[in-house]
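Student: Below: one structure in structure tokens.
The values are calculated or read from the model by the stated rules, or taken from the named source; none is laboratory data. All values derive from a computational prediction rather than experimental measurement. Cβ sites come from the backbone with ideal geometry, for glycine too, and all protein chains shown count toward neighbours. The area values use the complete protein model at the heavy-atom level, side chains included, leaving out ligands, DNA and RNA. Shrake-Rupley method; radii C 1.70, N 1.55, O 1.52, S 1.80 Å.
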Amino acid sequence: MSIKRRDIDAGARGGAMALLGRAAAADGRADERLRVAIDDFYLADHARLDDRTRLAMGRVLGDLARGVEAGLRRHAARLLAARGVPTIAEALAAESPATLERLIGSGLVRDPELMRELFGRVRQDLLADALPSEAPEDPDRASLLPRLVGAPDGVVAAGAMALLSADSRRRFPAGPGQPVTTELPAELHHRLVWWVAAVLRERVCDVSPEAVAQLDRALAEAALRSIAAHDEGERLESVALRLAAALDPQPEEFATLLVESLADRRLALFIALLAHAMGIDYADAREIVLDPGAERLWLLLRALELDRESIARIGLALSEADPARAIDRFADSLDDIVAIDPVIAREALAPLLLHRDYRAALVALGRAR
């Protein structure tokens, strides 16, 4: 084959220009990789995501984006077909794997509130799955949640059954073709729905202004339908809080319920019981429980006047489930934890009782200083 200059036709020149363009883009990607590698190198170990959390976050984000997208696509395409815009309906009905990539590229899913909720959910689920399962001390006695399902108090029994159902949904997500719930707080669900609607709108191009108006209308109606159907009260966290409120354990019952909820691997109930007892948000209680340092957790347990044996059992269960927790360090500090006066512990935790936005403003001011 000749490679003389006269043999280079317009197509080859076009290919060469495309290659040059890709090379320039690769240069930019190399620079981006270097900056990310530098940031990662200087990141403290305690702040770095472990592989399990990173993979789980990717899976949850992907499931959320695909689930919301499928619901919006189906309904909007149906509306467009019924309104005589079959071409756009067909284009919209085609599934695309690029929704999450587009959301990530746009920076939308970097939203701090969304990421705080998803990180909390993912880490909670991973810790719950890793908790050691303990058999009841009495072999003839059922474990905690099945026992509560049979409670004579109808409110408690219904709450326990609802928690079993919510826990099952979280552990075993809906299969293909089944309705998908984001299990996000309402405001975050609304944001995600509108973001995905915008991505879907962006995919349809080279159409008339009238067709774009029809597309916008159909996507907006599909989004509002999804928002109206969302019930944040069915989230695992919300259901656990309702059960904790229904139980409203007395001081002599509280420690036993906490220990049994961990033995039953019902971490959501454990967190909800702490949140209910202290009068704080579920998200704040979850953050305290998930912190591997656990200093605030020990303060919280002492503020609620838990005894040495209960704290020891809780610390042991969490240490066995989380490799980031040093069980030897916990054992060495147990005497110091139990020695904390409950009144002093409550005073130390007082900032948690402040309004979340107020606390966030105080933290921001401290960071700026």
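Student: Would you check if L257 is without any contact (Cβ under 8 Å) to a residue 24 or more places away in the chain, open to solvent by 10 Å² or more (accessible area, probe 1.4 Å) and in a helix (DSSP H, G or I)?
Tutor: No, not satisfied.
Student: Go through the stretch 83-109 and count every residue that is within 13 Å of A70 (Cα to Cα), under 24 Å from the mean Cα position of the chain (by Cα) and small (G, A, S).
Tutor: 2
Student: Cβ contacts < 8 Å: first residue free of Cβ contacts under 8 Å to residues at least 40 places away in the same chain, restricted to the stretch 339-360; second residue surrounded by 12 or more Cβ atoms within 10 Å (Cβ to Cβ) and among the basic types (K, R), any location; separation 6+ or different chain. Result?
Tutor: Hits for this filter: D341/R302; P351/R359.
Student: Might you let me know whether the stretch 79-99 holds any residue that is closer than 23 Å to R217 by Cβ, of a type in the set (V, I, T) and surrounded by fewer than 17 Cβ atoms within 10 Å (Cβ to Cβ)?
Tutor: Yes: the stretch 79-99 contains one or more residues that are closer than 23 Å to R217 by Cβ, of a type in the set (V, I, T) and surrounded by fewer than 17 Cβ atoms within 10 Å (Cβ to Cβ).
Student: In the stretch 159-177, which residue that is small (G, A, S) and at pLDDT below 95 is most open to solvent (accessible area, probe 1.4 Å)?
Tutor: Checking each candidate, the answer is G177.
Student: Right, something else. Kindly indicate whether any position in the stretch 288-306 is open to solvent by 40 Å² or more (accessible area, probe 1.4 Å), at negative phi and basic (K, R).
Tutor: Yes, that holds for at least one residue.
Student: Taking A324 as the residue in question, decide whether it is in contact (Cβ under 8 Å) with a residue 12 or more places away in the chain, open to solvent by less than 90 Å² (accessible area, probe 1.4 Å) and under 29 Å from P112 (Cβ atoms).
Tutor: yes
Student: Find the residue count for the stretch 284-322, including only residues that are part of a helix (DSSP H, G or I) and more than 29 Å from R359 (Cα to Cα).
Tutor: Within the stretch 284-322, residues that are part of a helix (DSSP H, G or I) and more than 29 Å from R359 (Cα to Cα) number 10.
Student: Whether any residue in the stretch 198-211 is more than 30 Å from D284 (Cα to Cα), at pLDDT 95 or above, over 25 Å from the mean Cα position of the chain (by Cα) and not aliphatic (A, V, I, L, M) is what I want to check.
Tutor: No, that holds for no residue.
Student: Tally the residues that are at pLDDT 95 or above and among the small types (G, A, S), restricting the search to the stretch 229-241.
Tutor: The qualifying residues number 2.
Student: Within the stretch 178-197, which residues are surrounded by 15 or more Cβ atoms within 10 Å (Cβ to Cβ) and of a type in the set (A, V, I, L, M, F, W, C)?
Tutor: V180, L184, L188, L192, V193, W194, W195, V196, A197
Student: Please identify the pairs in which a residue from the stretch 281-295 that is closer than 16 Å to L126 by Cβ has its Cβ atom under 6 Å from the Cβ atom of a residue that is in a helix (DSSP H, G or I) and open to solvent by 30 Å² or more (accessible area, probe 1.4 Å), counting only partners at least 6 apart or on another chain.
Tutor: Close Cβ pairs (under 6 Å, with a partner that is in a helix (DSSP H, G or I) and open to solvent by 30 Å² or more (accessible area, probe 1.4 Å)) amount to L290/R123.
Student: Out of E221, E252, which single residue is among the charged types (D, E, K, R), more than 30 Å from A76 (Cβ to Cβ), part of a helix (DSSP H, G or I) and more than 17 Å from the chain's Cα centre (by Cα)?
Tutor: After applying the criteria, what remains is E252.
Student: From the list A76, A81, A70, which residue is more than 30 Å from L269 (Cβ to Cβ) and without any contact (Cβ under 8 Å) to a residue 24 or more places away in the chain?
Tutor: Of the residues listed, the single one that is more than 30 Å from L269 (Cβ to Cβ) and without any contact (Cβ under 8 Å) to a residue 24 or more places away in the chain is A81.
Student: To continue, here is another question. Just a yes or no: is a residue in the stretch 290-297 basic (K, R) and more than 28 Å from L164 (Cβ to Cβ)?
Tutor: yes
Student: Out of V156, V180, V193, which single residue is over 21 Å from G120 (Cα atoms) and either modelled with pLDDT under 95 or not aromatic (F, W, Y) (or both)?
Tutor: Sole residue among the options that is over 21 Å from G120 (Cα atoms) and either modelled with pLDDT under 95 or not aromatic (F, W, Y) (or both): V156.
Student: On to the next question. Mind listing whichever residues of the stretch 223-237 are of a type in the set (G, A, S) and touching a residue at least 40 places away in the same chain (Cβ under 8 Å)?
Tutor: A223, S226
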